[in-house]
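Enquirer: Pasting a structure below so you can have a look.
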Amino acid sequence: MFIGIPCTLSFTDNSYQLPVHQSLADTQSLFICPICGKFLEADQAGKTFSCLNHHSFDKAKEGYLNLLPVQHKHSKEPGDSKAMLTARREFLESGFYEPMAKAVAMIINTTHENIQTIRLLDLGCGEGYYSRKIIEFCNNPNTISLHGIDIAKFAIAAAAKKQSEAQFIVASSIRLPYPTGYFDFILRIFAPSDDNELKRVLNSAGYLLTVTPGPRHLRQLKSFIYNEVKDHSLENLVPHDFEQLTTQRISYKITPDANQRIALLQMTPFAWRANENTQLALSSVLELEIEVDFILTLSVKKRDSTS
Ligand SMILES: C[S@@+](CC[C@H](N)C(=O)[O-])C[C@H]1O[C@@H](n2cnc3c(N)ncnc32)[C@H](O)[C@@H]1O
Ligand SMILES: [Zn+2]
């Protein structure tokens, strides 16, 4: 797992634009062929999606669409491993990050008070924990058309199983299978993205909300791995051609039990540095308070930026 991929891809092909006759309101789910960039149309049963060039994609039994062709994969199973995903599921479902999920939902509420419906993309959604929490905590969940993408097929299958009303797609954030200006809101929680693609698929009145680790995030967990624990350095959270509107820091302490501590370790990038002794030490302490620290940054596209 990595955050912020250097990428030079850009999608300027006009075939990615919504056709003139098609307004955003009348297109519920519109996908772009990952091979040729033409629109994908669903068959009558809504099970097979194909483009004018006869590239076709079938919905899996769990209800998701795989729009990551093998030629765009850089490994057999890209994205987080099953072990990481399982650990994340176990930890998140225990509710430790729920305060952050509530804060995310509050921001969605305030940015869309007077808007009838919004298209929202959960980028790098994993098993869809935050997608489900948004629907649980937002004021008007039935006005949200929810989409989630992740490069890990196993994660998307699990997300789709749990939330059939959302549209989950296996795809890469560096090549998003949506038309230009499709989304009103993009949520990026601890997930990689590509600046050009964010700019392309967000409409001019849309919002980008990024959640990243704050300086003290998981400090006590890190102390089991590193001799000297340094504060997490703050990244530049605002993509190229975006400007920051607000930033909010949410910090609190959690006290996970031994199994939950191990799950937390396994869902982080520190896991590969932790040997058996570290894991044993982490699970043996009677009680451990761990600080969690999140930075929520809301930004919009700069007015003078093109597209
Ligand atoms: C740290 S996890 C965050 C998952 C979820 N947003 C959360 O906070 O629980 C990062 C996710 O990004 C996915 N990912 C990694 N590279 C990706 C890419 N190029 N495109 C889309 N997803 C990617 C991983 O499979 C993983 O599910
Ligand atoms: Zn095609």
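The values are calculated or read from the model by the stated rules, or taken from the named source; none is laboratory data. Remember, predicted model here, so these are calculated numbers, not experimental data. Positions of Cβ are backbone-derived with ideal geometry, glycine not excepted, and every protein chain shown enters the neighbour counts.
Enquirer: Being free of Cβ contacts under 8 Å to residues at least 60 places away in the same chain and outside any loop (DSSP other than H, G, I, E, B) is the filter here, so list the residues in region 59-73 that pass it.
Expert: Lys59, Val70, Gln71
Enquirer: Between a first residue in region 38-58 that is in a loop (DSSP other than H, G, I, E, B) and a second residue that is exposed (fewer than 12 other Cβ atoms within 10 Å of the Cβ), which pairs have beta carbons less than 9 Å apart while being 6 or more apart in sequence or on different chains?
Expert: Partner pairs satisfying both residue conditions: Lys38/Asn53.
Enquirer: Hey, another quick one. For region 77-128, which positions are of a type in the set (D, E, K, R) and buried (at least 21 other Cβ atoms within 10 Å of the Cβ)?
Expert: Asp80, Arg88, Arg119, Asp122, Glu127
Condition check ((1) outside any helix (DSSP H, G or I); (2) in contact with a helix residue (DSSP H, G or I) (Cβ under 9 Å, 6 or more places away or on another chain)) across all residues:
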{"position": "Thr210", "(1), (2)": "yes, no"}
{"position": "His217", "(1), (2)": "yes, no"}
{"position": "Asp231", "(1), (2)": "yes, yes"}
{"position": "Asn236", "(1), (2)": "yes, no"}
{"position": "Thr247", "(1), (2)": "yes, no"}
{"position": "Ile262", "(1), (2)": "no, yes"}
{"position": "Phe270", "(1), (2)": "no, yes"}
{"position": "Leu288", "(1), (2)": "yes, yes"}
{"position": "Glu291", "(1), (2)": "yes, yes"}
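Enquirer: Okay, next question. Among the listed residues Gln260, Gln244, identify the single one that is at pLDDT 95 or above, at negative phi, under 23 Å from the mean Cα position of the chain (by Cα) and surrounded by fewer than 18 Cβ atoms within 10 Å (Cβ to Cβ).
Expert: Going through Gln260, Gln244 in turn, the sole match is Gln244.
Enquirer: Step by step: first the residues of region 152-165, then only those that are in contact (Cβ under 8 Å) with a residue 40 or more places away in the chain and touching a helix residue (DSSP H, G or I) at 6+ places or on another chain (Cβ under 6 Å), then the one that is nearest to ligand 1 (Cβ to nearest atom). Which residue is that?
Expert: Among them, the one singled out is Ala155.
Enquirer: Here is a follow-up. Sort through Ala205, Ala191 and tell me the only one that's touching a strand residue (DSSP E or B) at 6+ places or on another chain (Cβ under 9 Å), surrounded by fewer than 17 Cβ atoms within 10 Å (Cβ to Cβ) and aliphatic (A, V, I, L, M).
Expert: Ala205
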